[in-house]
Amino acid sequence: MKVYIVGTGMDGGNTLTNEAEKAIGEAGLLIGAERILKPFEKLGKELFVSYKPADIASKISCSDHETAAVLMSGDCGFFSGARKLLPLLKDHDVSVIAGISSVSYFCSKAGVPYEKMKFITLHGRDSSIAVNVKMNEYCFFLLGGEMSAADVCRRLCEYGLGGVKVYIGSGLASAEERIISGNAEELSEAEFPKLSVMITENKAYLRHIPSAVKDEEFTRGEIPMTKSEVRCIAVSKLDICADSVVWDIGCGTGSVSVEAAYRCPDGAVYAFDKKDEAAALTDVNSRRYGCDNVKAAVGECPVILSDISAPDKVFIGGSSGNMESIFETVRSKNPDADIVVTAVSLETLHDAVSCFEKYGNTPEVLQISVTRTKKLGSHTMLQAQNPVFIISGSAS
């Protein structure tokens, strides 16, 4: 069968391309979600309502029509069901017809360029909003899940980004089209349909990935903290990817969590500490630095780790004597996870090396000693910090 996968633009009318209109006219069978098929009900063609790839492929395989068109909203290359559908249609003659995406349409209306824009879908997701806005001048959010436009604005306010400019649009290219702009704080109570789109414009976005943030720039309290220089090396040893899931065990003030979070804006950092004050400080510092992909929790490791997503990267800044059981849990979740342990005592160093070697992995052991200077009168004195061991390797 000849199968067209057609991007129908915003409304299947004014934004429908000539090529898409021709393919729809040629097809005897039209397939798509109910709202997408609605503009074509009067064409007298067989309609099959579904957005599930398996059901669509099954319908096409048993159809007697020579030509079918699967209709997708917007463009087939932008968070579209086409990606999962195409492998199921390999026995058919398939052509993909581009449509006008919500990105190109809305950005033209808002007068915002999108060549360097970060694109984020919030369908079934609710994290990595603030951290992406913090790190990008422009972000485009595709709404429609549990997060409304107002929810996104409130999240930005909670993480210190209430002054960011926001554009919100709904009913694009239809008679009900509505587009407004303002800052996140002003629009935190705006009412928009769930199927909306949103652009953030942050002129003060980070132009670098923060590393070795000064210790005094974190809210501290009486909780121990991984110092700036040690933190910089330890985080670099993890080789965190943009979509990594990171565990920070013994998170303390959350300084490692924050620096890890900037490296995985499309992932998540799960921070754990047995002390309530530590988890609270991690939450405070995560909000201060706009890192809403950090999730802090109180509990003893490894007990609290059982229901947490499998890690790609694990930092152990404190194990409370449970080093081996933590390693066992990490290995059971993901044997390929990278692990970095910091130790200030020979006993912790021994425990960490023994755990790595037990699972067949000889770790890299690095010892660093940091000396800072302090001005006393006309003299500059040296102040040595405690030496720290950084032990790194994988779970197996």
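The values are calculated or read from the model by the stated rules, or taken from the named source; none is laboratory data. What you see is a predicted model, and the numbers here were worked out from it, not measured in a lab. Positions of Cβ are backbone-derived with ideal geometry, glycine not excepted, and every protein chain shown enters the neighbour counts.
Restricting the search to the range 327-347, which residues are crowded, with 23+ Cβ neighbours inside 10 Å, part of a helix (DSSP H, G or I) and aliphatic (A, V, I, L, M)? Passing the criteria: only Val330. Hey, any hits in the range 362-369 for a residue that's exposed (fewer than 13 other Cβ atoms within 10 Å of the Cβ) and at pLDDT below 95? Checked the range 362-369: at least one residue is exposed (fewer than 13 other Cβ atoms within 10 Å of the Cβ) and at pLDDT below 95. On the stretch given as the range 348-360, residues that are under 33 Å from the mean Cα position of the chain (by Cα) and either over 17 Å from Glu328 (Cα atoms) or loosely packed, with under 14 Cβ neighbours inside 10 Å (or both) total 1. Looking at Lys38, Lys59, can you tell me which residue is exposed (fewer than 15 other Cβ atoms within 10 Å of the Cβ), among the charged types (D, E, K, R) and part of a helix (DSSP H, G or I)? Unique residue meeting the criteria: Lys38. May I ask you to verify whether Ala23 is surrounded by 15 or more Cβ atoms within 10 Å (Cβ to Cβ), outside the structural domain of Leu172 (by TED's automatic domain parsing), of a type outside the set (Ser, Thr, Tyr) and part of a strand (DSSP E or B)? When the stated conditions are applied, Ala23 does not pass them. In the set (1) under 24 Å from Ala260 (Cα atoms); (2) more than 27 Å from the chain's Cα centre (by Cα); (3) modelled with pLDDT under 95, the condition left unmet by Thr373 is number (1). Of the residues screened, Val96 is one that is under 26 Å from Ser174 (Cβ atoms), at pLDDT 95 or above and not in a helix (DSSP H, G or I).
Within the range 355-392, the set of residues being touching a residue at least 12 places away in the same chain (Cβ under 8 Å), more than 21 Å from Glu229 (Cβ to Cβ) and not charged (D, E, K, R) comprises Cys355, Phe356, Tyr359, Gly360, Asn361, Thr362.
Only residues that are under 15 Å from Val3 (Cα atoms) and either polar (S, T, N, Q) or assigned to a helix (DSSP H, G or I) (or both) were counted in the range 41-53, giving 1. Pairs meeting the criteria (first residue in the range 41-64 and free of Cβ contacts under 8 Å to residues at least 24 places away in the same chain, second residue part of a helix (DSSP H, G or I) and surrounded by 14 or more Cβ atoms within 10 Å (Cβ to Cβ), beta carbons under 6 Å, at least 6 apart or on different chains) are Leu47/Leu37; Phe48/Lys59; Ser50/Ile56. Does the range 192-201 contain any residue that is out of contact with any His (no Cβ under 8 Å at 6 or more places or on another chain), polar (S, T, N, Q) and under 30 Å from Ser73 (Cα atoms)? Yes.
Scan the range 173-185 and give yes if some residue there is closer than 30 Å to Leu86 by Cα and either assigned to a loop (DSSP other than H, G, I, E, B) or modelled with pLDDT of 95 or more (or both), otherwise no. The answer is yes, given that some residue of the range 173-185 is closer than 30 Å to Leu86 by Cα and either assigned to a loop (DSSP other than H, G, I, E, B) or modelled with pLDDT of 95 or more (or both).
Screening Tyr262 on (1) of a type in the set (Ser, Thr, Tyr); (2) within 19 Å of Ser392 (Cα to Cα); (3) touching a residue at least 40 places away in the same chain (Cβ under 8 Å) shows it passes everything except condition (2).
Please tell me if Ser332 is among the small types (Gly, Ala, Ser) and touching a residue at least 40 places away in the same chain (Cβ under 8 Å). So Ser332 does not fit the description; no.
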